[in-house]
1. Please compute the contact order of the chain in relative form: average sequence separation of alpha-carbon pairs under 8 Å and at least six residues apart, divided by the residue count, as a percent.
2. What does the helix-only formula give at 222 nm for the chain: each DSSP H stretch with n ≥ 4 adding -39500 (n - 2.57), the total divided by the residues, and the result rounded to the nearest 500 deg cm²/dmol?
3. Tell me the label only: which of [x] 37, 25, 20; [y] 50, 33, 26; [z] 34, 25, 23 is Cα extents along the principal axes in Å as calculated from this structure?
4. Quick one: order Ser88, Ser35 by neighbouring beta-carbon count within 10 Å, fewest to most.
5. Can you tell which of Gln84, Gln36, Gln12 shows the greatest fluctuation in a Gaussian network model of the chain with Cα springs below 10 Å?
6. Place a +1 charge on the Cβ of each Lys and Arg in the chain and a -1 charge on the Cβ of each Asp and Glu, then give the dipole magnitude about the Cα centre in debye, rounded to the nearest 20.
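Nothing in this text is a laboratory measurement; each read-out follows from the coordinates by a stated rule. Remember, it's a predicted structure, so these values are computed and weren't measured experimentally. No Cβ is skipped: glycine too gets one built from the backbone with ideal geometry, and neighbour counts run over all protein chains shown.
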Amino acid sequence: MTLAAFTASVEQHDRPADLAGPLLALWHDARGDWSQAHEVAQDIDDEMGSRIHAYLHRKEGDIGNAGYWYRRAGLAPFKGTLGQEWQSLVSDLCDQ
């Protein structure tokens, strides 16, 4: 999926049927459904899942838990805004 198509799907409230777990979690987050995004992220057991989990807990304000997930991903905590982090995650997952 391209970045443009993913962003358009968020803006149009039209969830693509073929979204894999990481993009699905970020799609729900962008639509304001943190709980559903977190539920999806819990089932992603790899580095990207840990990154998304860290982002979601950072967004929630649970910095300690976010730190745990950043460490699991092998990364330092993201230093930019939540919007920048979301964009970075989506960009890493989409075809440009």
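1. Once divided by the residue count of the chain, the mean separation gives 29 percent.
2. Working: 6 runs with 64 residues, N = 96.
Rounded to the nearest 500, the figure is -20000 deg cm²/dmol.
3. [z]
4. Neighbour counts put them in this order, fewest first: Ser35, Ser88.
5. Among Gln84, Gln36, Gln12, the largest mean-square fluctuation in the Gaussian network model of the chain belongs to Gln12.
6. Details: 8 positive and 15 negative charges, 79 e Å.
Computed about the Cα centre, the dipole is about 380 debye.
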